[in-house]
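Beneath this line is the structure, given in structure tokens, with notes to follow.
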Amino acid sequence: MVDREMYLTGGISVMVQREDFGIDYLLPQGTDEGGCCAETCASIAFLTLAQRMLHLNLDSRYADFVEICLYNTIMTAMSLDDKSFTYINQLASSKTNKNVRERWFCLGGYLWDYGNDVKGVFVNFHLYTSAELQFKAGYSTITLRQKTDWPREGKADFK
């Protein structure tokens, strides 16, 4: 899928007519050129798959896919007020398919990159943004704070 159905932006080539994959390497710039739409929901699904693969194997390629999909497709599909999204993420303008921000959305874009198991607590950091995380481990609540101005500064502080 990455080699044959994915744009450099992280958009996944989904045929807008059937919501499935088309011919390998068919990556037109807009829906007027062949029907592919780089659907936001497909990028979220791929991000979720890459994130789960990252838990199984800490391979940086999976983190790269998470970053590409999140920053270049999913976040750019959201409106500034976070109340609407674009379903289609074309790279070119279209006469027939305008990029309209819809109030509905197919699924959530949640990153679960922490947890606990019988060996203990784990937290994987692959996306550097200021954040606070709280979760339960046994009878305790763990709070982790990350502060950064990355990439302007080359560091991230954890508390």
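Quick look at the values:
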item	result
Descending principal axes extents, segment 1-103, alpha-carbon based, whole Å	43, 36, 20
Peptides ranked, highest mean first, by Cβ atoms within 10 Å: ranges 6-15, 85-94, 141-150	6-15, 85-94, 141-150
Under 5 Å, built H, 5+ apart or other chain: amide partners of Met6	Ser13
Cβ crowding within 10 Å averaged over residues, with 44-51, 116-123 ranked highest first	44-51, 116-123
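Readers should treat all values here as calculations from the given coordinates under stated rules, not as data from a laboratory. The model shown is predicted, which means the values in this text are computed figures rather than measured ones. Note that we place each Cβ from the backbone using ideal geometry, even for glycine, and neighbour counts take in every protein chain shown.
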